[in-house]
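Since the structure comes first, as structure tokens, the remarks are kept for the end.
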Amino acid sequence: MKETENFDDLIAEMEEYGRSNHVPIINEKGMPVLLEVVRQKKPHRVLEIGTAIGYSALLIAKNSAEDVEIDTLELSEERAATARAYIDRSPYKYRIRIHIGDAGENILKLHGSYDFVFIDAAKGQYPDYFRKVYPLLTEDAMVLADNVLFRGYVRGDAECPRRFKTIVKRLREYISLVSDNNEFETVIREDGDGLAVSRRLPKENI
Ligand code: SAH
Ligand code: MG
């Protein structure tokens, strides 16, 4: 028996699981942006907020530095268990730690310093996540946030359904927070559901 199975087959199985079970894993248009940034950055210490079934965590692991360690936060015990089972079938079994519980609480328990953060959990909490993650960032950190253009409601004049109003307001707040902060250079990528890519600038550039 093989130690670990084919990685691409595992990823394809997860995509299928995501589709059949309506798990909002990063979509096929957003994923290339995530991979592009990770491949360029080659991070060593990653924080992911919103594990779901471990799909993006595995893709980040594969494309990061060889010594990468990932902390990933997930509220749902069931999803975390599914993620654990998938991750255990990969070569990154010992590189990914899942922390179960509310991300807003669990970020405060982390001690590590992170050179890459992927924000992809409760959309209404992005500003709070950013503020809590900030003290944990390395001087050259990158922060990537998924779904910041949320179904086209964040920019432009598409009428936003009532139930999304708070989410959209908070996502606009997140975009302002990272764009107005002169410690970071932020690019909003319109691919997929929109991604905010924020790069912390070297001190002499601020
Ligand atoms: N990053 C994953 C997808 C994450 S989907 C991928 O691309 O593969 C968003 C996840 O955030 C869901 O699994 C949801 O359960 C989780 N989530 C929602 N609210 C949360 C919270 N308050 N704390 C931690 N996780 C949360
Ligand atoms: Mg997402």
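The values are calculated or read from the model by the stated rules, or taken from the named source; none is laboratory data. Nothing here was measured: the structure is a model prediction, and the numbers come from that model. Please note: Cβ atoms are built from the backbone with ideal geometry, for glycine as well, and neighbour counts cover all protein chains shown. Calculation scope for accessible area: heavy atoms of the full protein, side chains included, ligands and nucleic acids excluded. Shrake-Rupley method; radii C 1.70, N 1.55, O 1.52, S 1.80 Å.
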Q. How many of the residues making up the stretch 115-133 are touching a His at 6+ places or on another chain (Cβ under 9 Å) and open to solvent by less than 10 Å² (accessible area, probe 1.4 Å)?
A. 1
Q: Would you be able to tell me the number of residues in the stretch 76-85 that are surrounded by fewer than 16 Cβ atoms within 10 Å (Cβ to Cβ) and either within 22 Å of N63 (Cα to Cα) or in contact (Cβ under 8 Å) with a residue 60 or more places away in the chain (or both)?
A: 1
Q: Give the stretch 144-154 a look and list any residue that's more than 16 Å from ligand 1 (Cβ to nearest atom) and farther than 24 Å from R200 by Cβ, or say none.
A: G152, Y153
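Matching residues to (1) more than 20 Å from S198 (Cα to Cα); (2) out of contact with any helix residue (DSSP H, G or I) (no Cβ under 6 Å at 6 or more places or on another chain); (3) small (G, A, S):
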residue	(1), (2), (3)
V37	no, yes, no
K42	no, yes, no
R45	no, yes, no
S76	yes, yes, yes
I98	yes, no, no
I107	no, no, no
G112	no, yes, yes
F118	no, yes, no
G124	no, no, yes
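Show me the helices (runs of 4 or more DSSP H) found entirely inside the stretch 93-206 where at least 3 residues are without any contact (Cβ under 8 Å) to a residue 12 or more places away in the chain.
Details: elements: 103-106, 126-133, 165-180.
Ranges flagged: 165-180.
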(Q) Quick test of your reading of the structure: L171 fulfils all but one of (1) farther than 22 Å from K132 by Cβ; (2) within 16 Å of ligand 1 (Cβ to nearest atom). Name the failing condition by number. (A) (1)
Q | Count of residues meeting criterion [away from ligand 1 (no atom under 11 Å from the Cβ) and touching a residue at least 40 places away in the same chain (Cβ under 8 Å)] in the stretch 29-39 | A | 5
Q) Looking at V46, is it of a type in the set (V, I, T) and surrounded by fewer than 21 Cβ atoms within 10 Å (Cβ to Cβ)? A) no
Q.
Quick check on the stretch 86-104. Is at least one of its residues buried (at least 16 other Cβ atoms within 10 Å of the Cβ), within 16 Å of ligand 2 (Cβ to nearest atom) and aliphatic (A, V, I, L, M)?
A. yes
**Q.** Candidate set from the stretch 46-66 (those that are within 9 Å of the chain's Cα centre (by Cα) and in contact (Cβ under 8 Å) with a residue 60 or more places away in the chain); member that is farthest from ligand 2 (Cβ to nearest atom)
**A.** L47
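Before we move on, is I87 at pLDDT 95 or above and in contact with a helix residue (DSSP H, G or I) (Cβ under 6 Å, 6 or more places away or on another chain)?
No, not satisfied.
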Q. Within the set of pairs 6 or more residues apart or between chains, which connect a residue that is on the phi > 0 side of the Ramachandran plot inside the stretch 10-27 to a residue that is of a type in the set (K, R) and part of a loop (DSSP other than H, G, I, E, B) with Cβ atoms less than 6 Å apart?
A. none
